[in-house]
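K.L.:
So that we are looking at the same thing, I have put the structure below in structure tokens.
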Amino acid sequence: MNTLLKASIVACVAVGLSGCAISLPFNNRLAYSSITDMKSVQVQGERPKLSIVWNPADFPQRIDIHGSDGFVGGGSRTRLPTGVALSSRIEEAISTYADITASGKNLTITVLEARSGFEYSAGMFNITPAIDVGTVTLNAAFNLNGKTWTQQFSSHKKDPTIGGTSQTGILESAWDDVAVQVAKSIASHITP
């Protein structure tokens, strides 16, 4: 057997055993229904101005790579933009009742734990992987101009159809749900 053929076989076996991370087409914006829900939030006084700082500072760029919940192996490893999805949605939800500006009241969001989990079907149910179950947990500490609190937020969404109605919609819906919970909690702590 020649050297090139041996190297090709070794490379194919290594890739097959290590698995690859799947990049699904996630949307990092709030759904229309979540924006509509947020428009009902009222804060006392005039529209507040907030300056948001994330701790750790790189949380808004965080992408996790892990497998499906309850599945052992590399075959289901998926890129989950947990930090990207949550931070962008939370800021968008807050912007429905407050102006986000560097000159606003300081709001520091310290992420103590953030996790996105999923289950998906593929193969005989669906040609492409579709997330059927999305679970999101965010535990965070807040400091709004000296007023502090810690709170845990969670969401568990399940698609009622086998094979999923959207590749990513269920997990995106869980991210929306957590973002709306966070934004409402912050609104309840704003005082004029």
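The values are calculated or read from the model by the stated rules, or taken from the named source; none is laboratory data. As the structure is a prediction and not an experimental result, all values here were calculated from the model. No Cβ is skipped: glycine too gets one built from the backbone with ideal geometry, and neighbour counts run over all protein chains shown. Accessible surface areas use protein heavy atoms only, side chains included; no ligands, DNA or RNA. Shrake-Rupley method; radii C 1.70, N 1.55, O 1.52, S 1.80 Å.
K.L.:
Can you tell me which of (1) under 23 Å from T150 (Cβ atoms); (2) at pLDDT 95 or above is the one G117 doesn't meet?
P.N.:
(2)
K.L.:
Identify all residues within the stretch 98-113 that are of a type outside the set (D, E, K, R) and open to solvent by 10 Å² or more (accessible area, probe 1.4 Å); write none if there are none.
P.N.:
Initially, the stretch 98-113 is screened for residues of a type outside the set (D, E, K, R), giving 98, 100-104, 106-112.
Scanning the stretch 98-113 gives I100, T101, A102, S103, G104, N106, T108, T110, V111, L112.
K.L.:
Look through the stretch 141-192, keep the residues that are in a loop (DSSP other than H, G, I, E, B) and small (G, A, S), and return whichever of them is modelled with the highest pLDDT. Write out each step before concluding.
P.N.:
Step one: of the stretch 141-192, the residues in a loop (DSSP other than H, G, I, E, B) are 145-146, 159-168, 190-192.
Checking the rest, the ones that are also small (G, A, S) come to 146, 163-164, 166.
On the way: G146: 93, G163: 54, G164: 53, S166: 66.
Looking at the filtered set, the residue picked out is G146.
K.L.:
Collect the residues in the stretch 1-43 that are at pLDDT 85 or above, exposed (fewer than 11 other Cβ atoms within 10 Å of the Cβ) and assigned to a loop (DSSP other than H, G, I, E, B), keeping them in residue-number order.
P.N.:
Within the stretch 1-43, K39, S40, Q42 meet the criteria.
K.L.:
Within the stretch 79-98, take every residue that is among the β-branched types (V, I, T) and under 13 Å from the mean Cα position of the chain (by Cα) and give me the one that is modelled with the highest pLDDT. Can you show your working first?
P.N.:
Applying the first criterion (among the β-branched types (V, I, T)) to the stretch 79-98 yields 82, 84, 90, 94, 96.
Next, only the ones that are under 13 Å from the mean Cα position of the chain (by Cα) stay: 82, 84, 90.
On the way: T82: 93, V84: 95, I90: 98.
In this case the residue turns out to be I90.
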